[in-house]
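Report on the structure given below.
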Amino acid sequence: MNRHGIVLAGVLLAMAASAAPAPTDAASFEGDWFAPAEDADDVDALIHLAPKDARWEGTIQSILSTRPGQAYRNETPCAACPGPLRGHAMQGLPVMWGFQAQGGRLVGGHVLDPGDGQVYDGEVTISADGRTLKVLAYKGLKFIGHVMTWRRA
């Protein structure tokens, strides 16, 4: 490796070392998160993420009325939800459960899409500044899953 290559390698190593690490304190996930609508059938919602029984759970705190005639409101029952969640009002509905904190992430949990009742495996990461969540919902293979971006409310 020539002198320029060594300098470039040193600069890249210094840049990597100075990058802010993601918060590893599980408490940084706790709070209210704005989950924006992703398509015409979806709604904006406020999700409350908190520990429950040594695991993490996210519940709909509020459906935000952002469009006239939108199908879902706080009091709308979840007609598509599976099992005991069927008929539960949207407000207070658990849409994430069973997550464990592991290395700055929440893993091993499930994510519910109340629109169609599908339950996905999930993983949650938080940005270095603690203001953004990436919620990955997938069935089987993570790389073909769907990533949602939520902002701290």
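Residues in segment 107-153 that are touching a Gly at 6+ places or on another chain (Cβ under 8 Å) and exposed (fewer than 14 other Cβ atoms within 10 Å of the Cβ) were compared, and the one that is nearest to Ala71 (Cα to Cα) is Ala153. Quick check on my filter: what residues within segment 133-148 are part of a strand (DSSP E or B) and out of contact with any Lys or Arg (no Cβ under 6 Å at 6 or more places or on another chain)? Within segment 133-148, Leu133, Lys134, Val135, Leu136, Ala137, Tyr138, His146, Met148 qualify.
Just one of the listed residues (Asp39, Asp53, Asp32) is modelled with pLDDT of 50 or more, closer than 18 Å to Val135 by Cα and surrounded by fewer than 11 Cβ atoms within 10 Å (Cβ to Cβ), and it is Asp39.
To keep it simple, each residue is scored yes or no on (1) free of Cβ contacts under 8 Å to residues at least 12 places away in the same chain; (2) out of contact with any Asp or Glu (no Cβ under 6 Å at 6 or more places or on another chain); (3) farther than 15 Å from Asp41 by Cβ.
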{"residue": "Ile60", "(1), (2), (3)": "no, yes, yes"}
{"residue": "Tyr72", "(1), (2), (3)": "no, yes, no"}
{"residue": "Pro82", "(1), (2), (3)": "no, yes, yes"}
{"residue": "His88", "(1), (2), (3)": "yes, yes, yes"}
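Within segment 116-125, the residues that satisfy the criterion of being more than 20 Å from Phe29 (Cα to Cα) and in a strand (DSSP E or B) are Gln118, Val119. Within segment 113-128, the set of residues being without any contact (Cβ under 8 Å) to a residue 40 or more places away in the chain and either in contact with a Leu (Cβ under 7 Å, 6 or more places away or on another chain) or over 20 Å from Asp44 (Cα atoms) (or both) comprises Val119, Asp121, Gly122, Glu123. Regarding Met96, is this residue touching an Asp or Glu at 6+ places or on another chain (Cβ under 7 Å), at pLDDT 95 or above and not charged (D, E, K, R)? Against the criterion (touching an Asp or Glu at 6+ places or on another chain (Cβ under 7 Å), at pLDDT 95 or above and not charged (D, E, K, R)), Met96 qualifies.
The values are calculated or read from the model by the stated rules, or taken from the named source; none is laboratory data. All of these numbers come straight from a predicted model, not from anything done at the bench. Ideal geometry is used to build each Cβ from the backbone, glycine not excepted, and the neighbour counts take in all protein chains shown.
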